[in-house]
Amino acid sequence: MTAAVALAVAFALHAAVPVLPAMTVAVALGLLAANLPGTAVWIAGRARPGLDFAGKHLMRGGIILLGLKVSIMDIVGLGWLAMVLVTGVVLLSFAGTYLLVRLFRLPRETALLVATGFSICGASAIGAMAAVRRIRHVDTVLPVALVTLCGTLAIGLLPLLMHPLQLSPEAFGAWTGASVHDVGQVVATAQTAGTAALGIAVVVKLTRVLLLAPVVAVAGLHHRASSTADQQALPPVVPLFVIGFVAMVGLRSTGWLSAGWLEAGAGLQDVLLGAALFGLGSAVRIRTLLHTGARALLAALAAWLLIALLGLAAALLITA
């Protein structure tokens, strides 16, 4: 019930100010609710079980439906060079972000989740990686906060750099799709440069999203190979909800679904992810964040700069 009310507020704010993605607003509302004196007791008490359920299980439902946004035909339409470049951006940003976060002496689990969220698709990717690596739900809170913060920074900053960098709308769109974290944040950023920028931004971004399944599968195989625990206690190489994501990609790519069904799926995905992100945001305590967050914030900003530079280089090559 708490998440539903917050979600309604998030959608209303997004409708009033379209440049603010509803998912970003949902995280911010969760953070506010957890730290304001009037609501903190309720969030930490009676509402906590439901919010934890939303943050974990509704996130997985949202990841499944995310697959309905990815069409193999659209991605193939980019051409082989663009696909290779986008894959290179994902791999280099993943490795670079992981190393940067570790250089700032943050835990391996945090580094892995931040690297996954920054390089692929934000909070959705963090949820998938946490599941396959059996990382505690509470340990996803800081990475989600960081990826949301840096994605929001991109919405405000990248459009200001378009003209100084002398980027065409297509190049700006490709840059946005290759470097901004969440799908909603990509749309909010790219639409400032028009429909041409938005079109290529979404396709480039969804090419990154498609890499969620193989990256999670590799992480699952590595986890099983390096674990000394009973094999029966280990999670599957690819969680069922990631298999569901792949199935939705296949279904979307067949062209069988009408525009109405796709729109309904996108709406339901927004509801599930919005509730999940409010739940995750509501687990953030400002005092704890200030205690450990300075190093994490610096690491995230360094990683954001890295992926922005990698994405810009790829965008210039894609649109050359």
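The values are calculated or read from the model by the stated rules, or taken from the named source; none is laboratory data. Nothing here was measured: the structure is a model prediction, and the numbers come from that model. Cβ placement follows ideal geometry from the backbone for every residue including glycine, while neighbour counts extend to all protein chains displayed. Surface accessibility is based on the protein's heavy atoms, side chains included, excluding ligands, DNA and RNA. Shrake-Rupley method; radii C 1.70, N 1.55, O 1.52, S 1.80 Å.
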Return yes when Leu81 is buried (at least 22 other Cβ atoms within 10 Å of the Cβ) and touching a residue at least 12 places away in the same chain (Cβ under 8 Å) and no when it is not.
-> no
Scanning for something surrounded by fewer than 24 Cβ atoms within 10 Å (Cβ to Cβ), over 14 Å from the mean Cα position of the chain (by Cα) and not in a helix (DSSP H, G or I), does the stretch 106-114 turn up at least one residue?
-> yes
In the stretch 261-274, what residues are open to solvent by 40 Å² or more (accessible area, probe 1.4 Å) and over 16 Å from Ser71 (Cα atoms)?
-> Ala264, Leu268, Asp270, Val271
Exactly one of Gly67, Gly88, Gly96 is open to solvent by less than 20 Å² (accessible area, probe 1.4 Å), of a type outside the set (A, V, I, L, M, F, W, C), at pLDDT 95 or above and more than 23 Å from Ala283 (Cα to Cα), and that residue is Gly96
Given (1) farther than 29 Å from Leu301 by Cβ; (2) part of a helix (DSSP H, G or I); (3) of a type outside the set (A, V, I, L, M, F, W, C); (4) open to solvent by 40 Å² or more (accessible area, probe 1.4 Å), where does Lys56 come up short, assuming only one miss?
-> (1)
Do we find that Ala115 is in contact with a Leu (Cβ under 9 Å, 6 or more places away or on another chain) and modelled with pLDDT under 90 in this structure?
-> no
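Residue-wise test of (1) at pLDDT 90 or above; (2) basic (Lys, Arg).
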position: Thr2; (1), (2): no, no
position: Ala8; (1), (2): yes, no
position: Leu13; (1), (2): yes, no
position: Ala16; (1), (2): yes, no
position: Val27; (1), (2): no, no
position: Ala47; (1), (2): no, no
position: Ala54; (1), (2): no, no
position: Val101; (1), (2): yes, no
position: Arg108; (1), (2): yes, yes
In the list Ala128, Ala123, which residue meets the criterion of being under 21 Å from Gly311 (Cβ atoms) and buried (at least 23 other Cβ atoms within 10 Å of the Cβ)?
-> Ala123
Note on the stretch 189-206: residues within 19 Å of Ser124 (Cα to Cα) and either open to solvent by 10 Å² or more (accessible area, probe 1.4 Å) or without any contact (Cβ under 8 Å) to a residue 24 or more places away in the chain (or both) are Val202, Val203, Leu206
Evaluation of Ile43 against (1) within 23 Å of Val183 (Cα to Cα); (2) open to solvent by less than 10 Å² (accessible area, probe 1.4 Å) (one fails), failing number = (1)
When the residues of the stretch 38-57 are filtered to those that are of a type in the set (Lys, Arg) and under 24 Å from Gly127 (Cβ atoms), which remaining residue is nearest to the chain's Cα centre (by Cα)?
-> Lys56
Pick out the one residue from Val186, Val238 that is touching a helix residue (DSSP H, G or I) at 6+ places or on another chain (Cβ under 9 Å), under 26 Å from Gly30 (Cβ atoms) and crowded, with 19+ Cβ neighbours inside 10 Å.
-> Val186
Among (1) without any contact (Cβ under 8 Å) to a residue 40 or more places away in the chain; (2) part of a helix (DSSP H, G or I), the one test that Trp256 misses | (2)
Verdict on Thr24 being of a type in the set (Ser, Thr, Tyr), out of contact with any Lys or Arg (no Cβ under 8 Å at 6 or more places or on another chain) and open to solvent by 50 Å² or more (accessible area, probe 1.4 Å) = no
Scope the stretch 138-165; condition of a type in the set (Val, Ile, Thr) and open to solvent by less than 60 Å² (accessible area, probe 1.4 Å); matching residues | Thr140, Val141, Val144, Val147, Thr148, Thr152, Ile155
Yes or no: Phe172 crowded, with 24+ Cβ neighbours inside 10 Å, hydrophobic (A, V, I, L, M, F, W, C) and touching a Cys at 6+ places or on another chain (Cβ under 8 Å)?
-> no
